[in-house]
Amino acid sequence: MLGLIADSDFARIAVLLGVFGLVVLLAFGAITTFLRRSAVRESLDEIVARPGVVAQGGETLRGQKTSSAWARLADSIEKAGLSLADSKDDKLRQQLVAAGFTSPAAPRIYTLIRLLLIFALPIAYILFAYSKGEPPSVLKLYLVCVGLALMGLYIPNLFVRAKADRRREAIIHGFPDCLDLMLVCVEAGLGIEAAIDRVGREMVLSHPLVAELLSGTTLHLRAGASREEAFRRMADKAGVDEIRSFTTLLIQSDKLGTSLATTLRVYASEMREKRKMRAEEKAHRLPVLISVPLVACMLPVMIGVLMLPAAIRVVRQLIPIFSGG
């Protein structure tokens, strides 16, 4: 292995780049840890000195701790002069929230990842191509690099859409159970806030996404938000039509003074019926999906088995007759 590295220029360059990158990552991690500890210490000193004043910028210690390295990298790039803001920032933020990325820096991180992939994939292919004995032609290199750049542009979008679809399906699948538990809690005498809190704590293991939505709504209500505002935030965060309809029913029931238990019972029955219909729809789609491999794989084999004896007979009898034999 060492002899191969010593004989190949590309291997030596790759090893040096790897060592350099490792040293940079270690140094970056050490500096980040030191700066974070220093920032926390300064914030604590400021809170001790002025206990009635929040730290500058309104950022809490929890917010400083949970801010990711990607967010700090995006801030550094924007401070350097490169704007990571998207032209359709509101629509992009809604897509990321539907996929579960609720951080305020998520749109900028998304744009940063797309930019990195646009350049990283072609560069990786160029390094791989020139590591071989015969490098490809300029035209092939150009076409492959353009294709990889387009892939880097669209892969994050496809990933976000796929994750949003999976998250939406998980929420829709677990929401009828949530309604049943909420109905039991309301009929037992709990209020809507206490019922949401109780169901959110009960469904942490079975349906964590639904529990996250309910827990966030509980925190909004405890923070002083009105029921209408908290419910609408839950609907916007979920991005599911069923939950949006459910929150609308809760808001109307609260304003009109109707029975909340009756509302939950009717809507829970409708949600169970919809889940049953979705299961039946998937079951009815199975014959159509099975017919595709049946036609593509089994039908040619069956035709070959049925036609092979006739073809052999034609070759043995008719062809000699036509040829005059």
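Throughout, read-outs are computed from the coordinates displayed, never taken from laboratory work. Quantities reported herein were computed from a predicted structural model and do not represent experimental measurements. No Cβ is skipped: glycine too gets one built from the backbone with ideal geometry, and neighbour counts run over all protein chains shown.
Just to confirm my numbers, what's the Cα centroid distance between the stretch 232-301 and the stretch 138-192 in Å? Taking the Cα centre of each part, the stretch 232-301 and the stretch 138-192 sit 16 Å apart.
Give me the extension gain from M151 to I118: residue separation times 0.36 nm, minus the current Cα-Cα distance, reported in nm with one decimal. Before the final figure, lay out each step's value.
Numbers: separation 33, 0.36 × 33 = 11.88 nm, distance 0.77 nm.
Answer, rounded to one decimal: 11.1 nm.
Hey, what did the stretch 168-275 get for relative contact order, percent, Cα under 8 Å, at least 6 apart? Relative contact order comes out at 30 percent.
Determine the gain in length on full extension of the stretch F28-R72; use 0.36 nm per residue of separation and subtract their C-alpha separation, reporting nm with one decimal.
Gain in length upon complete extension: 14.6 nm.
Electrostatic bookkeeping for L141 treats Lys and Arg as +1 and Asp and Glu as -1; over the other residues with beta carbon under 13 Å from its beta carbon, the sum is +1.
Local charge for A279 was computed over the other residues whose Cβ lies under 14 Å away, with Lys and Arg +1 and Asp and Glu -1, and equals +3.
Taking each pair of distinct Cα atoms in the stretch 173-262 once, what is the resulting Kirkwood hydrodynamic radius in Å?
Numbers: mean 1/r = 0.0772 Å⁻¹.
After inverting the pairwise mean of 1/r, the radius is 13.0 Å.
What's the FRET efficiency of I126 with L308 using the Cβ-Cβ distance as r and R₀ = 51 Å, to the nearest 0.05?
Values: r = 51 Å, r/R0 = 1.01.
Calculated transfer efficiency: 0.50.
Report the full-extension gain for the segment S269 to L289: residue separation times 0.36 nm, less the Cα-Cα distance, to one decimal in nm.
Additional length available on full extension: 4.2 nm.
Measuring against 25 Å, Cα to Cα, the residue pairs K255/K276; K91/K274; K91/K163; K79/K163; K237/K274 contain K255/K276; K91/K274; K79/K163 as the ones spanning a longer distance.
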